[in-house]
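The values are calculated or read from the model by the stated rules, or taken from the named source; none is laboratory data. Everything numeric here is computed off the predicted structure, so don't read it as measured data. Neighbour counts are summed over all protein chains in view; Cβ atoms, including those assigned to glycine, are modelled from backbone coordinates with ideal geometry. These area figures cover heavy atoms from the full protein model, side chains too; ligands, DNA and RNA do not enter into them. Shrake-Rupley method; radii C 1.70, N 1.55, O 1.52, S 1.80 Å.
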Amino acid sequence: MPEAPLISVHALSKHYRSFKRREGILGGLRNLFHREYQTVKAVENINFEIGRGEMVGYIGPNGAGKSTTIKMLTGILVPTSGEMLSNGFVPWRQRTAYVKTIGVVFGQRTQLWWDIAAIESFKLLRRIYDVSQRDYDERMELFNQVLGLTELLDVPVRKLSLGQRMRCDLAAALLHNPPILFLDEPTIGLDVVAKDHIRQFLRAINERYKTTVLLTTHDLDDIEELCRRIMIIDRGTVLYDGPLSRLKEQFLRTKQIKFILRDGDQSARLAAFEHNLPALAPNGDSSAATLRLERLDEMTCRLRFDRARVSSSDLIRQILAAVDVRDFVIEDEPIEEIIKRIYSGEAEMSSYQPVEKDSSPVTR
């Protein structure tokens, strides 16, 4: 018998009634006697289920409804309509009991006490969540190993950098080992090293404790590093819900070959190859969408091509015949380009066919 989903959402909506203000003095006077309102549909009739141990990316443009969904899932907001069950609770009805079973991290807010050392915040949270000393010591050891917290524990939270504070916030959110972790832009404003620390930590927690993670972010590297499944939301409606691999398979338009020249003497031969590039395109189609060569540096080049119109194997043979290369690699179109086309309406979502979701964690 299949395991019941940990999170179940059905026909969930959140509408706001917004006052329309008129401009100018006359408009202000009219507002006093006759007000007009409009309904803003932040989330409209969304449905999804998330199983135990899944790491799901929840993405969309600004104002799409991501944070509103997270706030309803955490019990902060009450939905206008619809049903939701998370870890056996209705979040906004049983909030006191429910919040003890979840962890939440908002990118620009902290749950740590601002003026005391981070270790004191952890000790206070241990007592609030009634975590045993043994479990506390075990989890803090893991957090120290993966997040490198040792040097931060005695520093007042207000003196921590954004990246350091985010590492502490993640540890605080998971101190009581909740089965569900909600992350809203956890890597916003962080450098490459800090992002890598956080991604490693989330993979370790998911692997060790089977923690279910719902992640909203604009950094699609987070999604590719952590999630096999993504949900794309726009204007309050879910456009896609399925494996990331399936999204690429259905909507991938271009591929690219990156190659490194053997030596500087190849420049003249590369120029000749670039001049003859239009002849390699089918039916003489020399548009940039079909074939486009870019010089990344003195020795490195990238050739982008329409995978539906140009054979990668034929193109590789042409490159090797034209220039001497030291190395080359075939890469997919960046996921950002696919998502951008979906947001802009260029990708036809009506052709999307849902498939069985892969809930296994990403391993690297």
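Before moving on, here are some points about what is shown:
- For ASP196, the solvent-accessible surface computed with a 1.4 Å probe is close to 70 Å², ligands and nucleic acids excluded.
- Residue of SER67, SER121, SER312 that the Gaussian network model of the chain assigns the largest fluctuation, springs spanning Cα pairs under 10 Å: SER312
- Alpha-carbon Rg/Rh ratio, for the stretch 182-229, with Rh computed the Kirkwood way: 0.93
- Cα-based Lys proximity count in the stretch 135-287, under 30 Å, for pairs eight or more positions apart or on separate chains: 7
- Rounded percent of accessible protein surface that carbon and sulfur make up, the chain, 1.4 Å probe: 48 percent
- Applying the Kirkwood pairwise sum to the alpha-carbon positions of the chain produces a hydrodynamic radius of 23.7 angstrom.
- Assuming charge only on the beta carbon of Lys and Arg (+1) and of Asp and Glu (-1), the dipole of the chain about its Cα centre is about 1420 debye to the nearest 20.
- Here ASP265 sits with roughly 120 square angstrom of accessible surface, probe radius 1.4 Å.
- Only protein heavy atoms count here; on that basis, with a 1.4 Å probe, LYS123 has an accessible area of about 100 Å².
- Net charge in the neighbourhood of ARG262 (other residues with Cβ under 14 Å of its Cβ; Lys, Arg +1, Asp, Glu -1) is -3.
- Helix 133-147 axis, angle to the chain major axis (alpha carbon atoms, nearest 10°): 30 degrees
- Our note on the geometry: Cα centres of the stretch 161-189 and the stretch 216-245, 19 Å apart.
- Computed about its Cα centre, the charge dipole of the stretch 1-146 is approximately 880 debye, with only Lys, Arg, Asp and Glu carrying charge at their Cβ.
- Charge tally for THR237 (other residues, Cβ to Cβ under 15 Å; Lys, Arg +1; Asp, Glu -1): +1.
- Cross-link reach list, lysines versus LYS41, counting only Cα pairs under 20 Å and skipping chain neighbours closer than eight places: LYS14, LYS20, LYS66, LYS71
- Cα-based radius of gyration for the stretch 81-123, normalised by 2.2 N^0.38 Å, reads 1.56.
- Ordering THR237, THR96, THR216 by accessible surface, largest first, gives THR96, THR237, THR216; the 1.4 Å probe counts only protein heavy atoms, with every chain in place.
- Angle in degrees between helix 118-128 and the longest Cα principal axis of the chain, rounded to the nearest 10: 50 degrees
- Neighbour net charge for ARG22 - beta-carbon separation under 12 angstrom, K R +1, D E -1: +2
- Whole-number percent relative contact order across the chain, with pairs defined as alpha carbons under 8 Å at least 6 apart: 19 percent
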